[in-house]
Structures are given as structure tokens and as C-alpha cells.
1. Could you check the range 64-75 and list, in sequence order, the residues that are part of a strand (DSSP E or B) and either at pLDDT below 95 or open to solvent by 10 Å² or more (accessible area, probe 1.4 Å) (or both)?
2. When the residues of the range 76-103 are filtered to those that are touching a residue at least 60 places away in the same chain (Cβ under 8 Å) and of a type in the set (D, E, K, R), which remaining residue is least open to solvent (accessible area, probe 1.4 Å)?
3. For residues that are aromatic (F, W, Y) and part of a helix (DSSP H, G or I), scanning just the range 121-159, find the one that is least open to solvent (accessible area, probe 1.4 Å).
4. Please state which of the following conditions Q46 fails to meet, knowing it meets all the rest: (1) in contact with a strand residue (DSSP E or B) (Cβ under 9 Å, 6 or more places away or on another chain); (2) open to solvent by 50 Å² or more (accessible area, probe 1.4 Å); (3) of a type in the set (S, T, N, Q); (4) farther than 21 Å from F26 by Cα.
5. Kindly list the number of the only condition in (1) touching a helix residue (DSSP H, G or I) at 6+ places or on another chain (Cβ under 8 Å); (2) closer than 22 Å to S25 by Cβ that fails for Y140.
6. When residues of the range 18-43 are filtered for being open to solvent by 70 Å² or more (accessible area, probe 1.4 Å) and either touching a helix residue (DSSP H, G or I) at 6+ places or on another chain (Cβ under 9 Å) or of a type in the set (D, E, K, R) (or both), how many remain?
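The values are calculated or read from the model by the stated rules, or taken from the named source; none is laboratory data. If you're wondering where the values come from, they're calculated on a predicted model, not measured in any experiment. Virtual Cβ from ideal backbone geometry, glycine too; neighbours counted across all protein chains shown. What goes into the accessible areas is simple: the full protein's heavy atoms, side chains included, and nothing from ligands, DNA or RNA. Shrake-Rupley method; radii C 1.70, N 1.55, O 1.52, S 1.80 Å.
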Amino acid sequence: MADEKPETEAAPRVSVLSQYIRDLSFENVAVQKGTVLEETPDVTVQVALDANKRAEDVYEIVNKVKIESKLEDGPVFILELEYAGQFRVQNVADEQLHPFLLIECPRMIFPYLRRVIGDITRDGGYPPLNLDTIDYLALYRGEIERRKALAEKEAAGSA
């Protein structure tokens, strides 16, 4: 009995296999209209995530970002970007996999997503947009709460 060693669990391992722009749209509305920017536009950022299993231990995580820059008289630009990464994830318990994929994986590729957005806005004729760090944990928790509230609403409606 004294010779028995406790089983050690293998440490979680994640590696980025690739990362890429999956889809991109930049609509430069102000330039098309000939608008001269004399004031700072309002900028709104919407973020959504998607995860898909591609192979054994391989997952694609997609950051879907929509950025709208507006003035009182209309939009300045609209940027829609799907920036994805493929990850090999090993030794993560099944109950931890979903949050790991939607919190840790997007966090790993965020600096590259930020750079792409900065480059696109700069190349569109504007100061580079430097996104604030996205709190993927808060985003994940918010989505869980939204789904929970929706399920409760649907359950109440069918009762």
C-alpha cells in the first residue's frame, strides 16, 4: 500500500495550429459619400464567438467582430471580421472544454485580431483602431446567463 503512487493527471495542453481571416468586410461609407471628418465618431463594437470541432482534439474558434463608426448624419465605416484559429486541445476534462474553448483560445489569438483591425482602419484612411482587451470570461458568462434566461422564458411560456 505504501508503494502506491497517486495517479497524476496530464496537464492541459493547447497549441495554435493556425490562425486566419475567415471573412472580412470593410464598408468605407464616409469616403464614398465624400464626408470630411471634423469630429470624432462614435464607435460600437460587438463580439460573438463560435467553436467547431474539426478533428480529434482539433477545434476551430471564430471571433466574430462587428465595428460601426457613426456620426450624427450616418455611418463612417462598418467593419465585419471573422478571425479564426485552429487549436489542438488535449487533457482538458469534458466539463471544462466548452469554457476553455470560448475563453482561453480566443484570448490567445486576440492580439492578432487587434492588429488586423488596426491595419484595416488605418488602410481605410482613419487612425488605427486599437481595440481594448476583450474580457472573454465576462462574454462567456453573459452568454450563459442569456441562454439561461431564454430557457426560463421558453419554459414559462409553454407552461
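1. Of the range 64-75, the ones part of a strand (DSSP E or B) are 64-71, 74-75.
Residues satisfying the conditions are K64, K66, E68, K70, L71, G74, P75.
2. Among residues in the range 76-103 that are touching a residue at least 60 places away in the same chain (Cβ under 8 Å) and of a type in the set (D, E, K, R), the one least open to solvent (accessible area, probe 1.4 Å) is E82.
3. Let us first name the residues in the range 121-159 that are aromatic (F, W, Y), namely 126, 136, 140.
Filter once more, keeping what is part of a helix (DSSP H, G or I): 136, 140.
Numbers: Y136: 2, Y140: 43 Å².
Going through the qualifying residues, I end up with Y136.
4. (4)
5. Just one mismatch for Y140, condition (2).
6. Count: 10.
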